[in-house]
Each structure stands twice: as structure tokens, then as C-alpha cells.
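Since the structure comes first, as C-alpha cells, the remarks are kept for the end.
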Amino acid sequence: MIEERRERADAARNRRAILRATEDLLARHRPEQISMEQVAAAAGVGKGTVFHRFGSRMGLMVALMQERAYALEEAVASGPPPLGPGAPPEERLMAFLDAIVDVVGRNKGLLAALGHAATAAPRPEWKEHDEHRGEGDHPVYRFWHGHTSALIAARRPDLDGELLAHILLGSLQSEPVLRLLERGEAPRLAASLRVTAAGMLEAPA
């Protein structure tokens, strides 16, 4: 029993180390530039441990993004305002966009890479979501888009919140924005998204 607990603790520690190392590498490189060997070396584990735990590079990327997305989803559902409930829709939207930029800024190109993977052949990582999958869709983007469009609709029900949310989030996958993030200019991106969102939500004269 003690051995089992120690093994579980070691596995959990390795998983955290691997995900942390992956995120550190993604702060400097795009997903396609990162190898499993690099991740293993940065995490201080054997390459076999990384493959055994995540199966492939895309499996590793999926796990990282899901973990970060789940943390953000939890903050949105039950965290303090303005990211969590209790603040006006406009304030919540601004806080949510800031949080998304933070995730994307620390994981450059990851959302775009996962979006590309979701349009390819179905993968085991997406199995539980396949029933509702659409082209270019995956669980992370679906949550981000759903929350963004809901906040736009709550503030301006007269607008096409679904399309406007796609426009806001789609910019995060563009080459100019990825290059901007590579230069460490995430605050500039967050400020510009805020200006764009504020303009969308401004009531007509």
C-alpha cells in the first residue's frame, strides 16, 4: 500500500514536471518546434516516461491545454469577480479576454495547433467530445467561444454575439498575433482586445 501511494505520488509529480516543462518551452517556441526529448530533458525524466504518460506530442499538448483551460473554466464558474460570477458582463468579458491572452501568451501557437488537429482525423483525446464536434472546433475553443458569446449577448442582446466571439478569438490564431506574442507583447494584445471588445459592446447613440 505504501509502495502504491509512493508510485502514485511519483506519477503525479512527474506529470506536473512534464506539463510545467512543456509550458516553459512553449513560452519560447511553437509546438512544432518542440520534441518529446526536449520536454523529457527539461522535466528531468526519461523520454519513455513522457511517451508512456501522454502517448505523443499532440497528446501532451492536448493535456496541457486542457489543464490550463479547466483551471480557467473553474475560475469562471466559481472564482471571484470579475472573472467569476458577480460582476457586470462587460467587466467579466474584459477579465476573461485578459485570462485567455495570458494562457495563449504562455503557450504560443498551442490553440492554433489544437484547432488544426481537431479538423484532422478524430483522435482518442477528443473521443468524449466527438459527438458535438464541428469543423475547427475542440473543447477548449468551444468553452472560450461559448462564454465570450454569452457575455456579449448579456450586454448587447441585439448583436450577433456568436459571430463576434469568433472574430475576437480568431485573431489569437493569426500569424501577426503569434509573432507579436513571440516578442513578448502579450500586454499589447490584451489591451487591443479590450479596445475591440469595448467598441463592440458600446451602446448605439
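For a modelled paramagnetic label at ALA150, 7 Å from Cα along Cα-to-Cβ, the residues of region 85-105 in reach, with backbone nitrogen under 15 Å, are 85-90, 92-94, 96-97. In plain terms, the chain from SER174 to SER35 could stretch by 47.7 nm, reckoned as 0.36 nm per residue minus the Cα-Cα distance. In this rough spin-label picture, where each label sits 7 Å from Cα along the Cβ direction, the ALA87-ARG20 distance is 2.8 nm.
Across q = 0.17, 0.19, 0.25, 0.26 Å⁻¹, region 11-85 modelled as identical point scatterers on its alpha-carbon atoms has Debye log10 I(q)/I(0) values of -0.64, -0.74, -1.07, -1.13, in the order of the q list.
Every number here is computed from the coordinates shown, using simple stated rules; none is lab data. All of these numbers come straight from a predicted model, not from anything done at the bench. Cβ coordinates were reconstructed from backbone atoms using ideal geometry, including for glycine residues, and neighbour counts include every protein chain displayed.
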